[in-house]
Amino acid sequence: MKRTIGALLLIALLACALSALGGCGTPADDGAVINVYLGEKIYDFDPTDFYADSAAERAMSLLFEPLFSVDAAGKLSCAAAKSYKIDKEERTIVITLRESYWSDATRVKAADFIYAWRDVLLDSSKAAPAAALLYDIEGATAAKSGGSTAYYFGAKATDTYEITITYREGADTDRLLRNLSSVATSPLREDIVNNAPGYWSKTLSYAVSNGPFRLATLDYTAGIFTLARNTGYHQSPTAEDKTKNVTPAKLMSSFAVNGEYLSYDDIATKTVFVMNDATLADRKAHKDAASVADARSAYVYAFNTDNPIFANENVRLALSLAIDRATVVNAITFGKAADGFVPGSGIGANLTDMERAKELLTLAEASMSAPLQKSFTLTVNDDEESLAVAEIAKAAWEELGFTVTVKAVGTVTTEITDRQTNEDLTINDSGIQKLLIDAAHGVRNYDVIGFDWMMYSDDAFVPLTAFASSLTGFGTDVETGDKRNNVTGWKSADYDALMNAAFAATDSETRDGLLRSAEKLLLDSAPITPVYFNQNFTFSHADISGVTYDAAGNPVYTKIKLKDYEQYLDRE
């Protein structure tokens, strides 16, 4: 459905009124105010969290900045870092931070990075698959395994604006630096997190960021989502030239409300100038007008292996092989049929084969002492794309003789009391993300669940560690001391052996071979099946320029420009 222009203008006016930039009287020399559509609702603005939607990573890349960046051509550059020096004899990397500030004008310090790494990502009680990004740092795996609180961690703030990393023997320093370009390794403010634990990143009052933009407006009821320039990004907040590092003053976006989406036609009317999402019909009709970049994520279906239906790997593999991925990609337009778990690996172990699927199901049923129950629920997010893919999967699985119910989940709310103000707050969360975080803590309230699996890195080791018992970033049960399992409940001693060997390998050829073997084992056992690899796409008005993509396929809007933007500014 097309949202009316009047509704969008109302959103724009509300955004202006609520913006901390001083309202609608934005001066021409302050930069453009650009109406954009960034996509589905985002509920959590913590870059280290366990995300289930690639749209969240797109938003994090606008709000937060790690030490390094990698562009679409693969070039590594300093980001929050100013410079670095590697000492191979000492196995250290000394990183000096550039002058840059949080969105509340507090300067970014080395301690902010160390806190995010040591006390959040590597917290043994936290489910954080992105923790594997840090495993080349000395002591990181011991930290995540939940050993003594006095563990040695080889990353320290050796000065206010200096980080010294001691990397483990055999580690590849280029690989480590590239992993530190993931937005998941961005800094966090310990004072902010401690003042509002569990909800600082979900409320406008506490959310701070160190990237080019800050969260200025967030209203789920009205569908308002505004990003304003972080004036202290790579410079003093009092610097005279506000547009030097970030060209636009504001990006004013909206969420879909009550099932209403923007239309591609809204670009022609200049109601919106950039769209990062669109209806399936608009995608297909206007695909040639889009700029497209491969994202670093896959849309997957995870099976709850505690459910007797999915305890047999032949059943899981049959369900995986039955999905017609070509039909899926045709329906969503932007995406690539998954030919592996890791984008680019090309393992090809889960290509569509309905006849083989039927054979595997027959073998599974023949090996069972009791009849196979064939009714289950597929849980997905309540967006158009997820529901369309679910219907394709449902049809394939029903051809195998299963009865499948599709369950769509949306926003879930929690009532809390702000410990600082003693006010009652309503916290919004993604229903899918909450189910997955519960699963990471051992409570799997689904049969099959669909979501985006974040790869975090182009290093296959990082996403594959989630399924390795001794390396998983899902943490440790604080009561029993046992390592937590992944969201499927699947375990494999053979998989663990391959991943442990890959971690210990000191040459890239051996390591790559072990990782490919581990990936194939994962696909053959099929506790989780990738359906398609995500692509980020952008529809833009002809007056827009300066949009680029990073190595993870996230759009970069730091230098986005709108031709003759002054005519769109409200000069009241």
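The values are calculated or read from the model by the stated rules, or taken from the named source; none is laboratory data. Everything numeric here is computed off the predicted structure, so don't read it as measured data. No Cβ is skipped: glycine too gets one built from the backbone with ideal geometry, and neighbour counts run over all protein chains shown. SASA here: full protein model, heavy atoms, side chains in, ligands and nucleic acids out. Shrake-Rupley method; radii C 1.70, N 1.55, O 1.52, S 1.80 Å.
Taking every residue in the range 487-502 that is of a type in the set (Ser, Thr, Tyr) and pairing it with any residue that is open to solvent by less than 10 Å² (accessible area, probe 1.4 Å), at least 6 positions away or on another chain, the pairs with Cβ-Cβ distances below 6 Å are THR488/ALA302; THR488/PHE303; THR488/PRO527; THR488/ILE528; TYR495/ALA518. Among the conditions (1) within 28 Å of ALA56 (Cβ to Cβ); (2) part of a loop (DSSP other than H, G, I, E, B); (3) at pLDDT 95 or above, PHE539 misses just one, which is (2).
Within the range 542-568, the set of residues being of a type in the set (Lys, Arg), in contact (Cβ under 8 Å) with a residue 24 or more places away in the chain and part of a loop (DSSP other than H, G, I, E, B) comprises just one member, LYS559. The residue that is farthest from ILE560 (Cα to Cα), among those in the range 265-276 that are open to solvent by 20 Å² or more (accessible area, probe 1.4 Å) and part of a loop (DSSP other than H, G, I, E, B), is THR269. Under the condition of being open to solvent by less than 10 Å² (accessible area, probe 1.4 Å), at pLDDT below 95 and of a type in the set (Val, Ile, Thr), the residues counted in the range 425-463 number 1. Residues in the range 240-250: is at least one open to solvent by less than 20 Å² (accessible area, probe 1.4 Å) and either among the hydroxyl-bearing types (Ser, Thr, Tyr) or in a strand (DSSP E or B) (or both)? Yes.
Do we have any residue at all in the range 129-148 that's aromatic (Phe, Trp, Tyr) and over 24 Å from the mean Cα position of the chain (by Cα)? No, the conditions are met nowhere in the range 129-148. Of the residues making up the range 492-536, not one is under 22 Å from the mean Cα position of the chain (by Cα), part of a loop (DSSP other than H, G, I, E, B) and surrounded by fewer than 22 Cβ atoms within 10 Å (Cβ to Cβ).
Name every residue in the range 531-560 that is more than 23 Å from ASP265 (Cβ to Cβ) and of a type outside the set (A, V, I, L, M), in order of residue number.
Residues of the range 531-560 more than 23 Å from ASP265 (Cβ to Cβ): 531-534, 546, 548-554, 556, 558-559.
Residues satisfying the conditions are TYR532, PHE533, ASN534, GLY546, THR548, TYR549, ASP550, GLY553, ASN554, THR558, LYS559.
For the range 161-195, the set of residues classified as at pLDDT 95 or above and of a type in the set (Gly, Ala, Ser) consists of ALA171, SER181, SER182, ALA184, SER186, listed by residue number. When the range 277-323 is limited to residues that are among the β-branched types (Val, Ile, Thr) and within 26 Å of the chain's Cα centre (by Cα), the one that is surrounded by the most Cβ atoms within 10 Å (Cβ to Cβ) turns out to be ILE323. For the range 310-324, the condition holds for at least one residue, the condition being that it is in contact with a Ser or Thr (Cβ under 7 Å, 6 or more places away or on another chain), without any contact (Cβ under 8 Å) to a residue 40 or more places away in the chain and under 14 Å from VAL531 (Cα atoms).
So, in the range 333-345, of the ones that are of a type in the set (A, V, I, L, M, F, W, C) and touching a strand residue (DSSP E or B) at 6+ places or on another chain (Cβ under 7 Å), which residue ends up most open to solvent (accessible area, probe 1.4 Å)?
ALA337
Working only within the range 99-121, note down all residues that are β-branched (Val, Ile, Thr) and part of a helix (DSSP H, G or I). Show your work before the answer.
Keep residues of the range 99-121 that are β-branched (Val, Ile, Thr), which gives 106, 108, 114, 120.
Correct list: ILE114, VAL120.
Residue by residue, here is whether (1) surrounded by fewer than 22 Cβ atoms within 10 Å (Cβ to Cβ); (2) of a type outside the set (Val, Ile, Thr); (3) in contact (Cβ under 8 Å) with a residue 12 or more places away in the chain holds:
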{"site": "ILE42", "(1), (2), (3)": "no, no, yes"}
{"site": "ALA56", "(1), (2), (3)": "no, yes, yes"}
{"site": "SER61", "(1), (2), (3)": "no, yes, yes"}
{"site": "ALA73", "(1), (2), (3)": "yes, yes, no"}
{"site": "SER77", "(1), (2), (3)": "yes, yes, no"}
{"site": "ALA111", "(1), (2), (3)": "yes, yes, yes"}
{"site": "ASP119", "(1), (2), (3)": "yes, yes, yes"}
{"site": "ASP123", "(1), (2), (3)": "yes, yes, yes"}
